[in-house]
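A short write-up of the structure that comes next.
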Amino acid sequence: MYRYTAFDRRQVRQRAAQYRDQLERHLAGELSADDFRALRLQNGWYVQRHAPMLRVAIPYGEVSSRQLRALARIARDFDLQDAGQATERGGFGHFSTRQNIQFNWIPLDRSADVMDLLAEVDMHGIQTSGNCIRNITTDALAGIAPDEVVDPRPYCEILRQWSALHPEFAFLPRKFKIAVNGAREDRAATGWHDIGLTLAKDAAGAVGFKVAVGGGMGRTPIVATPVAEFVPWAQILVFIEAIVRVYNLYGRRDNLYKARIKILVKAEGERFGQAVQDEFAALLADPATATITASELERVAASFADPVPALPAGGAAPLGETDQPPAFQRWLERNVHGHRLPGYRAVTLSLKRAGLPPGDATALQLERAAALADRFSAGEARVTHEQNLVLPWVREAELPALWAAVREAGFATPNIGFLTDMIACPGGDLCALANARSIPVAAAITERFDDLDLLHDIGDIALHISGCINSCGHHHSGHIGILGVDKDGSEWYQVTLGGSDGSALAGAAVPGKVIGPSFAADEVPDVLEAVIDTYLRERNPGEPFVHAARRLGIAPFRAAADAVRRSTARAEATA
């Protein structure tokens, strides 16, 4: 993990002190709500449906056990509901699809104390809100994946340092998201970002980036457009600066819904790419323009040296031959992943289980995750795009002991990649922007598909749920997507099929297709079951759901879903 320098720590602590002064002046009536709003948003503080929400940055998903314990303390001591709210929803953190964590019940008058606590463990909310370059994300298996071409973490850290508090890019037309991928498989969903960077090597072995621009979801889902096949690594900050300068200059500021860079790229086409190339050339010609030096890359990369020793070959028994019960083998198949280092594995701690919303972790669970990271993973964990945690440095020989520990801690659900390993935003239960609730729908689906044998038979499916068109649940990229919509003050849900975030299973990023008019909340589990039954009936041997959905087209799934609608209507008519 990157180790903060004295400069890094001083910057974060100064920001916390600055925020405390701003908060005190606001609470004293010396700073209006409108003036304070811009200041709190720069530190990750929102006002949601019921209370302030804090979004904490976890750059490129790496989090230490010490930081997890601090997050647990925030959940336990600060994330408290008012007496009039349901207490079971307090005292937790919610991991998001962009490798952040959110707290939803922290009183505003205690927010400065939380900022100080975060600063003590080298954390903050900078770049988690506002029209700036947001938290840099990457593959949760970065640095350990067997298919990795180049470790993206040093470049992510350099990007973080460059973009944090960048004065030129603090007030862009809209928020701006960058994802970096260093592996052959795109596990960072780069096609759905404002800038998607893919590390590559040329014929001579030199490292560079393929750059795509203008991806995004929301009202108009658009996949990023390639604008450069190979930018040398030393020049990548200059190239990104050229992109953001062009966006800053020409992006729409008169229309919130047309302000994202994807609209500019779509409208201008090749002219956008040419403008970026012209700006890039002009920047490189300026002697004052700084590129990344080899010494700087080496300095940052030193933080990402392997924290574990190499193991002698043949030291552990083959995993398939261990004398363990079937439940262990099932967990091994779904939650344990390959590793570039012999003798090691990466292990997913599932945050998808009955009784808690997807991606939520209580204070106790955060503490347990920290203990597991210390005992089994060199004190480190990762946050995944799918809202789970990963232990990246687990010895194969310790997998049986880890399995026993994660079962006790509540992280052992062997459903990674299955239907119940769903992505979901907090929805209308917490978010002021949401049109509909996501959490009850997720709970109903989890209850309906609680048979692990059935989940194994269905196979891999990415189910994504959003409570509104802002698409925080990434419904567009789900093999099955569910979008909450408002109809005359009631909650309804639209279903899409065939989307992808760029994974090897589903192929290049593409939005799903709507299967018909929206459904009432109580129809959604039945609709999903009808869609799955259609797949099970029509699939070819070994054919994954997303492949079958694309081969069959929308028609048979729409017919099955419409039958649910007609059945509901008949039941209501005879009631």
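Quick notes
- Spin-label pair D486/A294, simplified geometry with 7 Å Cα→Cβ offset, distance in nm: 5.9
- Computed from phi, the 3J(HN,Hα) profile of the range 94-111 under the Karplus parametrisation 6.51, -1.76, 1.60 (θ = phi - 60°) reads 10, 7, 9, 5, 10, 6, 10, 10, 10, 10, 10, 9, 8, x, 4, 5, 10, 5 Hz, with x in place of Gly and Pro.
- Three-way shape call for the range 187-296 based on the alpha-carbon gyration tensor, with the a/c threshold at 1.5: oblate
- Surface composition of the chain: carbon and sulfur make up 51 percent of the accessible area, probe 1.4 Å.
- At R0 = 41 Å, FRET efficiency that the Cβ-Cβ distance of S32 and R3 yields, to 0.05: 0.55
- Proximal aspartates and glutamates to K177, defined as alpha-carbon separation beneath 18 angstrom and excluding residues fewer than eight positions away on the same chain: E62, D139, E157, E168, D186, D194, E241, E386, D501
- Solvent-accessible area per residue, Å², over the chain with all protein chains present [probe radius 1.4 Å]: 41
- Per-peptide average of other Cβ atoms within 10 Å, ordering 163-174, 181-192, 523-534 highest first: 181-192, 523-534, 163-174
- Note, ³J(HN,Hα) from phi for the range 136-151, Karplus 6.51, -1.76, 1.60, rounded to Hz, x at Gly and Pro: 6, 10, 7, 5, 5, 9, 4, x, 10, 5, x, 9, 6, 8, 9, 5
- From the coordinates shown, volume of the Cα convex hull per residue in Å³ corresponds to which of (1) 216; (2) 175; (3) 191: (2)
- Normalised contact order of the chain, rounded percent, pairs of Cα under 8 Å and 6 or more residues apart: 12
- Formal net charge of residues neighbouring D139 (Cβ-Cβ distance under 14 Å; K, R +1; D, E -1): -2
- The phi-based Karplus calculation (6.51 cos²θ - 1.76 cosθ + 1.60; θ = phi - 60°) puts the 3J(HN,Hα) values of the range 115-124 at 4, 5, 4, 4, 4, 4, 10, 6, 10, 6 Hz, whole numbers, x for Gly and Pro.
- Of the peptides 194-205, 279-290, the order by per-residue mean of other Cβ atoms within 10 Å, starting with the highest, comes out as 194-205, 279-290.
- Accessible-area value, F545, 1.4 Å probe, nucleic acids and ligands omitted, Å²: 0
- Here the peptides 240-250, 327-337 are ranked by packing, the mean other Cβ count within 10 Å, and the order with the highest first is 240-250, 327-337.
- Amide hydrogen neighbours beyond the local backbone of T225, cut-off 5 Å, H modeled: V213, G214, G215
The values are calculated or read from the model by the stated rules, or taken from the named source; none is laboratory data. Just so we're clear, the structure is a prediction, and the values are computed from it rather than from any experiment. So basically every Cβ, Gly included, is an ideal-geometry build from the backbone, and we count neighbours across all protein chains shown. Calculation scope for accessible area: heavy atoms of the full protein, side chains included, ligands and nucleic acids excluded. Shrake-Rupley method; radii C 1.70, N 1.55, O 1.52, S 1.80 Å.
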